[in-house]
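Just so it is clear, none of the values below were taken in a lab; they were calculated from the coordinates. As the structure is a prediction and not an experimental result, all values here were calculated from the model. Using ideal geometry, Cβ is built from the backbone for each residue, glycine included, and neighbour counts are taken over all protein chains shown.
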Amino acid sequence: MSEFTGKDMYFEWVYSGGTVTLHGDFRTVTLSPSIDYADATAGSDARRKRIATIADASVSFSGLMQAAGTALEDALAEGTEGTINFGPRGTTAGYRKYVVGAFAGGANVSFPYSDVVEFSVDFTGNGTYSRTTY
């Protein structure tokens, strides 16, 4: 069985003020790895050549705001540095775990008139990025 849903997601933000677990009220988590390239085209090359240089990763999170959301907003304040640890299938031994050093971009909060309050945050990679297992 290779298919799975996100219901078992584990997601935590570890920063200087402690550890905040966000998985209980998450809606979507998106991991976006990337890499820069240097142009190595020269001389009589008929096609562009590239050399892979610096890898990066960013993470986007959206979820429901917790009732006492002030601590959550403070933990995700723009520029806060920390580490994201998350497992799309939970923390079961052998399942995928991602570790991303990052800066939080600040909690973006939506306050609809007649619906649940949602928030999202974009994390910009900073140093550590690894794919491992629990």
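With contacts taken as Cα pairs under 8 Å at a separation of at least 6 residues, the chain carries a relative contact order of 26 percent. Stretched out straight at 0.36 nm per residue, the stretch from residue 96 to residue 126 would grow longer than its current Cα-Cα span by 8.8 nm. The convex hull around the C-alpha trace of the chain, projected and averaged over every direction, spans 11.9 square nanometres. The label-point distance for residue 27 and residue 51, in a model that sets each label 7 Å from Cα toward Cβ, rounds to 4.5 nm.
Using just the Cα positions, wrap the range 79-132 in a convex hull and report its mean projected area in square nanometres, one decimal place.
Averaged projected hull area, Cα only: 4.8 nm².
How many angstrom lie between the Cα centre of the range 30-59 and the Cα centre of the range 66-111? Here the answer is 28 Å between Cα centres. With q set to 0.16, 0.25 Å⁻¹, the log10 of I(q)/I(0) for the range 1-76, from the Debye formula over equal scatterers at the Cα positions, is -0.75, -1.20. Of the peptides 19-29, 105-115, the order by per-residue mean of other Cβ atoms within 10 Å, starting with the highest, comes out as 19-29, 105-115.
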